[in-house]
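Step one of this worksheet: look at the structure below.
Throughout, read-outs are computed from the coordinates displayed, never taken from laboratory work. Predicted model only: the values in this text are computed from it and were never measured. Cβ coordinates were reconstructed from backbone atoms using ideal geometry, including for glycine residues, and neighbour counts include every protein chain displayed.
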Amino acid sequence: MSTQTRASLQVDLAPHNPRELILRNPVIPASGCFGYGQEYSHVIDVQRLGAFCSKGITSQPRAGNPMPRITETPAGMLNAIGLQNPGIDAFIKKYPPIWEHWDVPAIVNFSADTVEEFAEMARKLDDVPGVAALEVNISCPNIHAGGFCFGWDARMSADVSRAVREATTLPVIIKLSPGAVDIAEIAAAVAEQGVDAISLINTLVGMSIDPVTRRSRIANTTGGLSGPAVKPVAVRQVYQVAQAVDIPIIGLGGIFGLNDALEFFMAGATAIEMGTVCFSHPVAPIQLIDDLQTWLDAQGCASIMDIVGVANPQFRAGKDS
């Protein structure tokens with residue numbers, strides 16, 4: 001009686017980078033939803049994850065926005081935390097020394113106000129033990145361009161990507177903004193700068209008004225919309241980007257379980273991130289790893305890569321040519 005070989009969940013998110021970013025599985029808790037990793041270490045076995053993304057950091061400490069910062073919406077949530085964090089110097093002293101002793105790769109998410117600041121932060125993180133890769137959040141305003149979001153403009157997105165790529169040898173993931181008019185154009189522009197992977201989507205801008213108080217439910221007025229409500233937008237944008245670039249894509253936006261994740265893989269994502277679900281169901285990433293293994297084995301797949309892009313003919317044609 002033969003024993004069926006189990007499908008491989010391993011994925012490579014930086015195939016051309018000597019420093020590598022090979023994950024044991026493609027499941028990653030998203031930035032802002034998993035703290036700095038140790039907050040969840042007593043709830044789940046974080047070492048089983050493919051990787052995790054840290055809470056976003058900035059060059060200087062930030063206290064964040066005034067309360068209230070979060071409100072539930074139908075099929076999702078709005079948040080306006082305001083990138084509360086200790087700043088990069090305090091961050092480097094506290095968290096990477098913890099991760100250095102973990103097996104799971106830690107991806108550091110960071111934001112900046114200028115191209116030069118992005119490059120300087122990447123430079124500081126380059127040789128920090130415990131840091132496996134960088135996720136660059138370009139959904140933030142460029143103060144040298146009147147506050148226009150970096151991620152909405154192909155040239156500005158490329159400028160940040162090039163500056164970060166030149167400043168670090170670590171694997172670089174550029175996290176795209178869904179507010180771009182042509183997301184494929186932005187993706188192609190950043191891919192040309194030699195970055196290793198792209199993640200998308202970041203949150204959509206939304207608002208919720210309380211009819212009783214006649215005011216926004218969030219003190220900041222608007223916030224980032226996440227959760228199942230954004231998934232169709234996210235799947236569509238991953239599908240488009242997968243046709244425009246030949247580097248790995250990390251898909252995120254409303255992934256709560258197996259079927260959600262399968263949509264992203266089949267659209268062209270090599271890995272996925274889980275965000276909002278971690279607040280209500282923190283074991284969801286571990287459950288998804290198990291469910292993916294069971295599903296792939298039942299389908300007779302040799303690898304998770306067998307299903308990447310299968311619903312995207314232009315993606316498959318581009319990869320096979």
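List of remarks:
- Look at 101, 144 and count the other Cβ atoms within 10 Å of each Cβ; fewest to most, that gives 101, 144.
- Using the Cβ-Cβ distance between residue 45 and residue 181 with R0 set to 56 Å, the FRET efficiency from 1/(1 + (r/R0)^6) comes to roughly 0.85.
- Applying 1/(1 + (r/R0)^6) with R0 = 30 Å to the Cβ-Cβ distance of residue 280 and residue 10 gives a FRET efficiency near 0.55.
- Rounded Å value of the spacing that divides the Cα centres of the stretch 25-80 and the stretch 250-269: 18 Å
- Order of 41, 216 - criterion: other Cβ atoms within 10 Å of each residue's Cβ, fewest first: 41, 216
- Prolate/oblate/rounded call for the stretch 70-179, Cα gyration tensor, a/c under 1.5 rounded: oblate
- Contact order relative to length of the stretch 73-144, as percent, for alpha carbon pairs under 8 angstrom and 6 or more apart: 36 percent
- Lysines whose Cα lies under 18 Å from that of residue 124, excluding same-chain neighbours fewer than 8 positions away: 55, 93, 94
- Over the chain, DSSP H runs of length four or greater, each weighted -39,500 (n - 2.57), average out per residue to a 222 nm ellipticity of -8500 deg cm²/dmol.
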